[in-house]
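A.B. asks: Quick one: the structure is below, questions incoming.
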Amino acid sequence: MERLRGLEKIAITSPDDHASNFGFTIVPGRRSDGSADQISERSIHRLTHSSIHPDERLKAASKRRSLSSDLIEPPTPPEVAERSRNMATSPLLDALTRRILVLDGAMGTSLQSCRDCRTEDWLGRENCSEILTKSRPDMIQRIHETFLEVGADCIESNTFGANLLVGAEFDEEVVAMTRELNREGVEIARAACDRHATPDRPRFVLGSMGPGTKLVSLGQTEWDLMLRSYEEQAEGLLDGGVDAFLIETCQDLLQVRCAVNACVKALEARGRDAFDVPIMVSITIETTGTMLLGSDIASAVNALRMLPIASLGLNCATGPVEMTSHVEYLCRHWDRFVSVVPNAGLPVLVDGEASYPLQPRPFAEATRRFIADQGVNLIGGCCGTTPEHVAELVKMVDGRPAPKREIVPLESGCSSLYGFTEFQQDNSFLIVAERTNANGSRKFKRLLDAEDWDALVSMGREELRGGSHLLDVCVDFVGRDGARDMAEVASRYATSLNAPIMIDSTEAATIEAGLKRLGGKCVVNSINLEDGERRLDEICPLLKAHGAACVALTIDEDPQAGMAKTAGRKLEIAARIHDLFTGKWGLDERDLLFDPLTFTIATGVEEDRALGHETLEGIRLIAERFPQCGILLGLSNISFGLRAPARAVLNSVFLDHARARGLTAAIVHASKILPRTKIDEE
């Protein structure tokens, strides 16, 4: 299959292209109407409130560099097509398509066993293992070589905590040497690899990028500071000639997204991309069955699906046995490479020290199912694993070719920090709450103006108890700072509510403020063509950078008929937006929800009575033309001007007709919708 704009084409085949040597076959899912997803035609373009504040030294350092451009720029289609025909993937990606690779073991465990590691080697910075890159490069290289000698294909640089945020917890000197520590860490690893590489068996350096000590979803640091912190690290890793970035031990989905954007920025500054230096991600699932902040594996896959990452995997926290169900899910639903890097079992206390009980051979046996049955591409060891553990993995892998997996794609949807919500609901429509909106609820507006944040959270909870799946959050309010208000509301909703957020604003800065604080996969409301392509040019980079879905209004720049009122015009504008969304910007059509506009039929003007029929016909036409896209309405507009009892009846009847024609979602007050069977036909 030809490679389009995303790394997904490196690792999958379509149902009509089973001969690809990448070996991953997508099995079409089923839509709610029973029809098969058109996988082979789908463009899944992926690549291309704590009071703790960050250290002031880091803020000062960050001012030296601009934070204004943190978005993934769109590819130019002709250039992308040319590159797809002529460009080879990175050597690491090429190796992963050919065989299973083995990663090294634990650097920390190895350091603890080094008898020649002296107190003075830490330069007065205990627990800053990255400083050993400066003081004891010989020891670091020796550790790398112990894993290469037993057959490891990949080693991680000694840079796990070498970023600005972590450095600021030590002193200004560590902050100043962040880029240098990363460069030298890669150079040491490269020197070790060069001693063991052969033309037939290259060895690879993965640039380790840990989670740091501050969680952005909990407000312990700011997105822009974390972005700059990771960007400095990524620049240093590139200076050293790293083969891939490994964003590992991730506990917060928002942190992952920030780190990925930092890697993309660092690559773009050099005229490179994630084809040249792949971005790999490894999250940590705790014994609770979720990430530290509560994200389950489905929400992680959904939130990260559209980001330009080559592999997704698990590492740390547990041993291989505890990872089994999560690895099964990844191998079934993640359409790129999968990595598994467990601890040597769950730690136990021995003489007051944590000890990892799983010995090398049992460790390898426990991971065998990941290779033999589930199709993992990269296997290694985390805490407690030694060269002996890696040697057993090498024996088990024994030159196995790259696995062949059948992928069942996730249904299209969005997610909160904690869980995944499908756009296509089996027995209902996607209910989007309309009252968390300053333009639609006097109560929400009053609470926002009073800055009663706790009451706004309570209001969100009420909407969810009423049956809503998503919250449409709009803070646009004349006289207030929308970006600030969105930051305040979104940061609280992110951790207090288990529901995806639809960020509703006319201002790009307000939308971005929300995206920088919501770890799940959001929906942005909205884009349109009222000013030509300007709105898409503002919003689509944000969608791309944050992996968000989007609502598109059928409005264009026509001075007389910009707001499409006829079914034909609705389809015409929808088609134009679809082409720009998927073609120019390389976004997935499954993340596009059309709003064909609902106008009130209660004006008393005879011509307006036909507007409801035009909307229904527009829904039908759009659903037939773009079956992979969703269709959403702001339902209550149809009855504007009527009394409350009449509005409830009209809204409910109109919703029933709209769903019959293909509507999949509606912004509604859920408790005011009446069952069709309870409405008298008269």
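The values are calculated or read from the model by the stated rules, or taken from the named source; none is laboratory data. What you are looking at is a predicted structure, and each value in this text was computed from that prediction instead of being measured. Note: ideal-geometry Cβ built from the backbone for every residue, glycine included; neighbour counts use all protein chains shown.
A.B. asks: Could you tell me which numbered condition Asp558 fails, if it satisfies all but one of (1) under 26 Å from Leu616 (Cα atoms); (2) outside any loop (DSSP other than H, G, I, E, B)?
C.D. replies: Just one mismatch for Asp558, condition (2).
A.B. asks: I've got another one for you. Provide a single number: the residues in the range 550-588 that are of a type outside the set (A, V, I, L, M) and within 23 Å of Gly514 (Cβ to Cβ).
C.D. replies: Step one: list which residues in the range 550-588 are of a type outside the set (A, V, I, L, M), which gives 550, 554, 556-560, 562, 565-566, 568-570, 572, 576, 578-579, 581-586, 588.
If we keep only those that are within 23 Å of Gly514 (Cβ to Cβ) as well, we get 550, 581, 585-586, 588.
Summing the residues that are of a type outside the set (A, V, I, L, M) and within 23 Å of Gly514 (Cβ to Cβ) in the range 550-588 gives 5.
A.B. asks: Condition test on Leu587, is it of a type outside the set (Gly, Ala, Ser) and crowded, with 24+ Cβ neighbours inside 10 Å? Walk me through it before giving the result.
C.D. replies: Details: of a type outside the set (Gly, Ala, Ser): yes; crowded, with 24+ Cβ neighbours inside 10 Å: yes.
The answer is yes for Leu587.
A.B. asks: In addition: On the basis of being modelled with pLDDT of 95 or more, surrounded by fewer than 17 Cβ atoms within 10 Å (Cβ to Cβ) and within 23 Å of Leu542 (Cα to Cα), does Arg625 make the cut? Let's see the steps before the verdict.
C.D. replies: Values: modelled with pLDDT of 95 or more: yes; surrounded by fewer than 17 Cβ atoms within 10 Å (Cβ to Cβ): yes; within 23 Å of Leu542 (Cα to Cα): no.
For Arg625, the condition - modelled with pLDDT of 95 or more, surrounded by fewer than 17 Cβ atoms within 10 Å (Cβ to Cβ) and within 23 Å of Leu542 (Cα to Cα) - is not met.
A.B. asks: In this structure, is Asn437 farther than 29 Å from Gly375 by Cβ, of a type outside the set (Lys, Arg) and touching a strand residue (DSSP E or B) at 6+ places or on another chain (Cβ under 6 Å)? Give the steps one after another, and end with the answer.
C.D. replies: Details: farther than 29 Å from Gly375 by Cβ: yes; of a type outside the set (Lys, Arg): yes; touching a strand residue (DSSP E or B) at 6+ places or on another chain (Cβ under 6 Å): yes.
Yes: the conditions hold for Asn437.
A.B. asks: Given the residues Gly532, Gly520, which is the only one that is surrounded by 23 or more Cβ atoms within 10 Å (Cβ to Cβ) and either at positive phi or not charged (D, E, K, R) (or both)? Steps first, answer last, please.
C.D. replies: Details: Gly532 fails: surrounded by 23 or more Cβ atoms within 10 Å (Cβ to Cβ).
That would be Gly520, the only listed residue that is surrounded by 23 or more Cβ atoms within 10 Å (Cβ to Cβ) and either at positive phi or not charged (D, E, K, R) (or both).
A.B. asks: Glu530 fails exactly one of the following numbered conditions: (1) in the same structural domain as Gly630 (by TED's automatic domain parsing); (2) within 17 Å of the chain's Cα centre (by Cα); (3) acidic (Asp, Glu). What is the number of that condition?
C.D. replies: Tallying (1) in the same structural domain as Gly630 (by TED's automatic domain parsing); (2) within 17 Å of the chain's Cα centre (by Cα); (3) acidic (Asp, Glu), Glu530 fails exactly one: (2).
Condition check ((1) closer than 19 Å to Cys258 by Cα; (2) over 17 Å from the mean Cα position of the chain (by Cα); (3) among the hydroxyl-bearing types (Ser, Thr, Tyr)) across all residues:
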residue: Ala483; (1), (2), (3): yes, yes, no
residue: Ile511; (1), (2), (3): yes, no, no
residue: Leu542; (1), (2), (3): yes, no, no
residue: His546; (1), (2), (3): yes, no, no
residue: Val551; (1), (2), (3): no, yes, no
residue: Asp558; (1), (2), (3): no, yes, no
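A.B. asks: Search the range 228-252 for residues being polar (S, T, N, Q) and surrounded by 24 or more Cβ atoms within 10 Å (Cβ to Cβ), and hand back the single one that is farthest from Val166 (Cα to Cα). Spell out the reasoning first.
C.D. replies: Initially, the range 228-252 is screened for residues polar (S, T, N, Q), giving 229, 233, 249, 251.
Restricting the remaining residues to those that are surrounded by 24 or more Cβ atoms within 10 Å (Cβ to Cβ) gives 229, 233.
Numbers: Ser229: 9, Gln233: 11 Å.
Applying the filter and picking the extreme gives Gln233.
A.B. asks: Assess whether Asp656 counts as being assigned by TED's automatic domain parsing to the domain that holds Glu533, acidic (Asp, Glu), under 25 Å from Glu533 (Cβ atoms) and under 36 Å from the mean Cα position of the chain (by Cα).
C.D. replies: Here the answer is no, as Asp656 does not meet what is asked.
A.B. asks: Still on this structure, I have one more. Working carefully through the options Gly384, Gly399, find the one that is on the phi > 0 side of the Ramachandran plot and surrounded by 23 or more Cβ atoms within 10 Å (Cβ to Cβ). Walk me through it before giving the result.
C.D. replies: Numbers: Gly399 fails: surrounded by 23 or more Cβ atoms within 10 Å (Cβ to Cβ).
Of the residues listed, the single one that is on the phi > 0 side of the Ramachandran plot and surrounded by 23 or more Cβ atoms within 10 Å (Cβ to Cβ) is Gly384.
A.B. asks: Just to check your reading of the model, which residue among Leu635, Leu655, Leu674, Leu642 is surrounded by 14 or more Cβ atoms within 10 Å (Cβ to Cβ) and over 17 Å from Gly467 (Cβ atoms)?
C.D. replies: Working: Leu635 fails: over 17 Å from Gly467 (Cβ atoms); Leu655 fails: over 17 Å from Gly467 (Cβ atoms); Leu674 fails: over 17 Å from Gly467 (Cβ atoms).
Answer to the selection: Leu642.
A.B. asks: Then there's this: When you scan the range 390-419, how many residues do you find that are in contact with a Cys (Cβ under 8 Å, 6 or more places away or on another chain) and closer than 30 Å to Gly634 by Cβ?
C.D. replies: First, the residues of the range 390-419 that are in contact with a Cys (Cβ under 8 Å, 6 or more places away or on another chain): 405, 414.
Now narrow it down to the ones that are closer than 30 Å to Gly634 by Cβ: 414.
Final tally of qualifying residues: 1.
A.B. asks: Which one of these does Arg620 not meet: (1) in a helix (DSSP H, G or I); (2) modelled with pLDDT under 95; (3) of a type outside the set (Gly, Ala, Ser)?
C.D. replies: Result: Arg620 fails condition (2) only.
A.B. asks: Return only the number of the condition from (1) in contact with a strand residue (DSSP E or B) (Cβ under 9 Å, 6 or more places away or on another chain); (2) at negative phi that Gly151 does not satisfy.
C.D. replies: (2)
A.B. asks: Do the conditions hold for Gly313, that is, is it closer than 30 Å to Ala366 by Cα, crowded, with 24+ Cβ neighbours inside 10 Å, in the same structural domain as Glu169 (by TED's automatic domain parsing) and modelled with pLDDT of 95 or more?
C.D. replies: On the way: closer than 30 Å to Ala366 by Cα: yes; crowded, with 24+ Cβ neighbours inside 10 Å: yes; in the same structural domain as Glu169 (by TED's automatic domain parsing): yes; modelled with pLDDT of 95 or more: yes.
It is true that Gly313 is closer than 30 Å to Ala366 by Cα, crowded, with 24+ Cβ neighbours inside 10 Å, in the same structural domain as Glu169 (by TED's automatic domain parsing) and modelled with pLDDT of 95 or more.
A.B. asks: Here's another thing I want to ask about it. With respect to the numbered conditions (1) closer than 24 Å to Arg118 by Cβ; (2) touching a Phe, Trp or Tyr at 6+ places or on another chain (Cβ under 7 Å), which one is the sole condition not fulfilled by Phe170?
C.D. replies: (2)
A.B. asks: Here is a follow-up. Mind counting the residues in the range 422-438 that are within 22 Å of the chain's Cα centre (by Cα) and crowded, with 22+ Cβ neighbours inside 10 Å?
C.D. replies: Here the count works out to 3.
A.B. asks: Being modelled with pLDDT under 95, closer than 22 Å to Ala549 by Cα and in contact with a Phe, Trp or Tyr (Cβ under 9 Å, 6 or more places away or on another chain) is the requirement here; does Leu635 meet it? Don't jump to the end; show me each part of the working.
C.D. replies: Working: modelled with pLDDT under 95: yes; closer than 22 Å to Ala549 by Cα: yes; in contact with a Phe, Trp or Tyr (Cβ under 9 Å, 6 or more places away or on another chain): yes.
Yes.
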